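Here's the structure, in structure tokens; my notes come after.
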Amino acid sequence: MADTPTTPDRAQSRKTRPTQRGRQLDPRALAEIDALLAGRPRARDSLIEHLHAIQDAWGHLALRHLRALAHWMNLPMAAVYETATFYAHFDIVRDGEIPPPALTIRVCDSLSCELAGARALHAALAAELDPADIRVLRAPCMGRCDSAPVVEVGHRHLGHATPAAVRTLLDSGDLHPEPIDWPRLDAYRAEGGYALLNKARSGEVAVEQLSQVLQDAGLRGLGGAGFPTFKKWSFVRTEPAPRYMVINADEGEPGTFKDRHYLEQAPHRFLEGALVSAWAVDAAALYIYLRDEYPGLHAVLSEAIAEVEAAGLAAPGYIVLRRGAGAYICGEESALIESLEGKPGKPRHRPPFVAQKGLFDRPTLVNNVETVYWIPLLWQRGAEGFASQGRHGRKGLRSFSVSGRVKKPGVHLAPAGITLQELLDEYCGGMADGHRLLAYLPGGASGGILPASKADIPLDFDTLQPHGCFIGSAAVVVISDQDDLRAVAKNLMAFFADESCGQCTPCRVGTEKMLGLLERDEWDADQLQRLAQVMQDASICGLGQAAPNPVTSLLRFFPAELARQGVTLHPAAANTESAS
């Protein structure tokens, strides 16, 4: 009988790979990452900080460095890549691609800047500068609407920008963040600063006592939602420890810049209010999430925190300062928390609310910069002094960020309930020369648009909802008879379409669809209203829910003006109100 040929074992015959599947780790890149991040934490919540460090060091994020970072942090490459690609300020350079030029100029294209000529400025800079050496990009609101148009050259911002001013700045070579002259710890303590924090910690002031002051003053969340501050404290305090405190310093709403103003003017007052709030909920740590468009403020806060630690007012590391990376959606509190954890900033489904399960899945108090700024002042001056400042039946003070067609743009501290006309006449010096009031945004890009005929409505929480608008963070953008309302609507909708996180279909598709409809000379009013309703009803968070507000406002209040400007409504908008 002939020998039967033997069949080799399948395991032995299978070809084996000398390396793992996928792109391989570059030992040199790993050595570079190890040297750059030496001594830094490797936890997931530090991911975005490490991405910033790489971008700052090399001017971009090369894939070889991202692979090395994933290995260094013991994270899946997919997690690192997903986070890095989510944020606008990170430049991903894939294998074989040419890195971006060493210098980037960003031209703000927010509504206030567009009214001030940003589009022509961008075109002029793009035409003059060599793209091989300098790239010129359009960018969303930079929080400097009172000095529009604004450009960021490297890390330095330039207000009232012109091509000549940009060239002068380039020639100077000084592209570091603009210097900020701020009051140091000694100066703040000389005027009674940190007295409330010391009394709170010593037991001289009780949480209930301070909460009553905030309740009597009517202090509410001043980032947009307007939720009573004392109630937030109470909700978080009832949850089990450990708890966390988070400050939302990511004001990205076009037209808003009040938080930047207060952080520049009084960083220690802000820090005291934040530390008192952290004390009130017995927070294990205090996180400050600062938007990346404020590089000068990052330096200010870093120094101020160091002063606080050196003075023994906070334990080293108790206050954690984190940078955003160019994502408007991270102004939403749950998206902000996702970002703090090193993830893409996508809003969470609720419930549970962040007061129950927030940062690191623990109860978390989230407050706006201006909200905590007021706490030491309210204690010093008393609740009555604050609450008695309103007009037209309202109570308190409001910080209005005013921009657009006014003589004196800026942050104006005015009585709650002041009307737009009073604000213009008493604080803003009236309309800019040659301009007549046509419309105004009472609450930034998402707060809707009101006609000049409604310039006598009290501006405050709960007063604008009957008109389909809200005050939000009190960002007032003034529009004149020389402005194109369709261009205004397109600018705002393009912002929302670009800033949508893409998580839910009503927002992701709805904003793009609505922008396309606005491009037409003939607007289908019924279709726009139906689309707006779907977005308002079905979007996960406030971005998609509020994005249609400018459009529905125009359909409601401005059909005649739209027609005058060449837009045909078909069918004619129903249930409209006169804008005259």
Selection count where residues are open to solvent by less than 70 Å² (accessible area, probe 1.4 Å), in a helix (DSSP H, G or I) and more than 17 Å from Gly448 (Cα to Cα), scope the stretch 511-554: 4
Considering only the stretch 305-332, how many residues are open to solvent by less than 10 Å² (accessible area, probe 1.4 Å) and in contact with a His (Cβ under 6 Å, 6 or more places away or on another chain)? 1
Kindly establish whether Arg94 is open to solvent by 10 Å² or more (accessible area, probe 1.4 Å), over 27 Å from Arg156 (Cβ atoms) and touching a helix residue (DSSP H, G or I) at 6+ places or on another chain (Cβ under 6 Å). yes
Would you please list the contacts, defined by Cβ atoms under 8 Å and residues six or more apart or on different chains, that run from a residue in the stretch 85-105 that is at positive phi to a residue that is surrounded by fewer than 16 Cβ atoms within 10 Å (Cβ to Cβ) and of a type in the set (S, T, N, Q)? none
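Conditions tested, residue by residue: (1) polar (S, T, N, Q); (2) in contact (Cβ under 8 Å) with a residue 24 or more places away in the chain; (3) open to solvent by 30 Å² or more (accessible area, probe 1.4 Å); (4) more than 30 Å from Leu437 (Cα to Cα).
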{"site": "Ala116", "(1), (2), (3), (4)": "no, yes, yes, no"}
{"site": "Thr168", "(1), (2), (3), (4)": "yes, no, yes, yes"}
{"site": "Asp171", "(1), (2), (3), (4)": "no, no, yes, yes"}
{"site": "His176", "(1), (2), (3), (4)": "no, no, yes, yes"}
{"site": "Asp186", "(1), (2), (3), (4)": "no, no, yes, yes"}
Among (1) closer than 28 Å to Ala88 by Cα; (2) in a helix (DSSP H, G or I); (3) open to solvent by less than 50 Å² (accessible area, probe 1.4 Å), Pro344 falls short only on (2)
Quick one: how many residues across the stretch 457-492 are buried (at least 24 other Cβ atoms within 10 Å of the Cβ) and hydroxyl-bearing (Ser, Thr, Tyr)? 1
For the stretch 226-247, enumerate the residues that are among the aliphatic types (A, V, I, L, M) and surrounded by 15 or more Cβ atoms within 10 Å (Cβ to Cβ). Val236, Met245, Val246, Ile247
Of the criteria (1) open to solvent by less than 10 Å² (accessible area, probe 1.4 Å); (2) on the phi > 0 side of the Ramachandran plot, which one Pro267 fails: (2)
Subset of the stretch 121-153, residues of a type outside the set (D, E, K, R), farther than 20 Å from Val477 by Cα and either open to solvent by 20 Å² or more (accessible area, probe 1.4 Å) or assigned to a strand (DSSP E or B) (or both), comes to His122, Ala123, Ala124, Ala126, Ala127, Leu129, Pro131, Ala132, Ile134, Val136, Leu137, Val153
Condition first: in a helix (DSSP H, G or I), in contact (Cβ under 8 Å) with a residue 12 or more places away in the chain and out of contact with any Leu (no Cβ under 6 Å at 6 or more places or on another chain). Now tell me which residues in the stretch 60-76 satisfy that. Leu63, Arg64, His65, Leu66, Leu69, Trp72, Met73
Would you please list the contacts, defined by Cβ atoms under 7 Å and residues six or more apart or on different chains, that run from a residue in the stretch 466-484 that is touching a residue at least 24 places away in the same chain (Cβ under 8 Å) to a residue that is among the polar types (S, T, N, Q) and in a loop (DSSP other than H, G, I, E, B)? Gly472/Ser446; Ser473/Thr256; Ala475/Thr256; Asp484/Gln565
Go through the stretch 355-431 and tell me which helices (runs of 4 or more DSSP H), entirely inside it, have 1 or more residues that are open to solvent by 10 Å² or more (accessible area, probe 1.4 Å) and polar (S, T, N, Q). 369-381, 420-426
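The rows are residues; the columns are (1) within 23 Å of Ala102 (Cα to Cα); (2) modelled with pLDDT of 95 or more; (3) of a type in the set (Phe, Trp, Tyr).
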residue	(1), (2), (3)
Thr6	no, no, no
Lys15	no, no, no
Arg23	no, no, no
Arg28	yes, yes, no
Ala38	no, yes, no
Leu47	no, yes, no
Leu66	yes, yes, no
Met73	no, yes, no
Within the stretch 220-250, track down each residue that is in a loop (DSSP other than H, G, I, E, B), at pLDDT 95 or above and within 19 Å of the chain's Cα centre (by Cα). Asp250
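The values are calculated or read from the model by the stated rules, or taken from the named source; none is laboratory data. All values reported here derive from a predicted model rather than from experimental measurement. Glycine also receives a Cβ, built like all others from the backbone with ideal geometry; neighbour counts cover every protein chain displayed. For accessibility, only protein heavy atoms count, side chains too; no ligands or nucleic acids. Shrake-Rupley method; radii C 1.70, N 1.55, O 1.52, S 1.80 Å.
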